[in-house]
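Working notes, beginning with the structure itself.
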Amino acid sequence: MKIIKNQDTLKEIIDSYKAENKTIGFVPTMGALHRGHLSLIERSTINNDVTLASIFVNPTQFNRREDLEHYPRDIEKDAEMLTSACCDLLFTPSIEDIYSKTELEQPFEFNFQGLDKVMEGVFRPNHFNGVVQIVSKLFTLVQPDKAYFGEKDFQQLAIIRLMTKTFQFSTEIVGCPIIREENGLARSSRNALLSENERKIASHIYAVLKESITFAPVTNIEELKSCTVAAIEQKPELKVEYFEIVDGNSLQPVARMEDSDYIVGCITVYCGKIRLIDNIRYK
């Protein structure tokens, strides 16, 4: 695997692949890689001639500076994992190589068509502006044929699809299933911050979500939401920030299961001080 540290070198390599009509699969990450990330890499290697991953801890999508400073970083370990998954290229730019001083000081703005007004957008204002800002920059640099994102970040995936359409990128966005630990906990970089006991407790989140599928057809939406939250919070270490049952395309809350053919329950739960997200598909 070749490691690239600046835009100029990346452009030369991308141009050479394009000249040879090779297809490029892209997996943008912030590092702290886990099995979920590797599943995206593996899918890309099957579908493309070249697979490129990026590791860039993007400062513009963090609401709190301390979260940015404490975000786990281990580039050597990440590079080893990518090599084992047969990734071809790794792009690891500096902040200065990606952003001008003006871009860091002035908020990026994007018309989310309402996708940012619910769930994560309520609790993490401007977070998705930063996500669109960095992913659009990376797409412009990499010019990928396909880009791979995990369905765990369900709202982000919907926003990336909108961004791709709005900016008229020719990239196909491929959503990939959630990869879970043996106990059902959705794999996340944040899991590394959990103690062993907290990991066991956090597995209760998916257990309850999975059980809620059984009751969904015969329970009204508000009751389903309140019962699910109550069941999760039976564990005193768990505190639900939100649980919304939404249309999978618009992300807007639904009042009845009959209101859409594509319904997803999206949840964020604090396990101690660690914020975890997950989702479950009802229809």
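Values quoted throughout were computed directly from the atomic coordinates according to the rules given, and no laboratory measurement underlies them. Because the structure is predicted, anything quoted here is derived from the model rather than measured. Methodologically, a virtual Cβ is constructed for each residue, glycine included, from the backbone with ideal geometry; neighbour enumeration extends over all protein chains shown.
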Within segment 148-165, does at least one residue satisfy the condition of being among the hydroxyl-bearing types (Ser, Thr, Tyr) and surrounded by fewer than 18 Cβ atoms within 10 Å (Cβ to Cβ)? no
Just checking, how many residues over segment 229-283 are of a type in the set (Asp, Glu) and touching a Cys at 6+ places or on another chain (Cβ under 7 Å)? 2
Grab the helices (runs of 4 or more DSSP H) fully contained in segment 78-188, keeping just those with 1 or more residues being within 16 Å of the chain's Cα centre (by Cα). 120-123, 127-142, 154-166
Suppose we filter segment 151-180 for residues that are touching a residue at least 40 places away in the same chain (Cβ under 8 Å), within 23 Å of residue 4 (Cβ to Cβ) and out of contact with any Pro (no Cβ under 8 Å at 6 or more places or on another chain); how many remain? 1
Only one of 280, 267, 245 is touching a residue at least 24 places away in the same chain (Cβ under 8 Å) and out of contact with any helix residue (DSSP H, G or I) (no Cβ under 6 Å at 6 or more places or on another chain); which? 267
Scanning segment 217-265 for residues that are hydrophobic (A, V, I, L, M, F, W, C) and in contact with a Leu (Cβ under 8 Å, 6 or more places away or on another chain) gives 232, 245, 251
Residue selected from segment 229-250 under the condition over 23 Å from residue 156 (Cα atoms) and touching an Asp or Glu at 6+ places or on another chain (Cβ under 9 Å), by the criterion surrounded by the fewest Cβ atoms within 10 Å (Cβ to Cβ): 237
Select from segment 46-56 the residues that are surrounded by 17 or more Cβ atoms within 10 Å (Cβ to Cβ) and either of a type in the set (S, T, N, Q) or not in a strand (DSSP E or B) (or both) and list them in ascending order. 48, 51, 54, 56
Just to be sure, is residue 205 surrounded by fewer than 18 Cβ atoms within 10 Å (Cβ to Cβ) and outside any loop (DSSP other than H, G, I, E, B)? no
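Here's the yes/no breakdown for (1) among the acidic types (Asp, Glu); (2) touching a residue at least 12 places away in the same chain (Cβ under 8 Å); (3) in contact with a Phe, Trp or Tyr (Cβ under 7 Å, 6 or more places away or on another chain):
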position: 16; (1), (2), (3): no, no, no
position: 21; (1), (2), (3): no, no, no
position: 29; (1), (2), (3): no, yes, no
position: 34; (1), (2), (3): no, yes, no
position: 47; (1), (2), (3): no, yes, no
position: 51; (1), (2), (3): no, yes, no
position: 68; (1), (2), (3): no, no, yes
position: 72; (1), (2), (3): no, yes, no
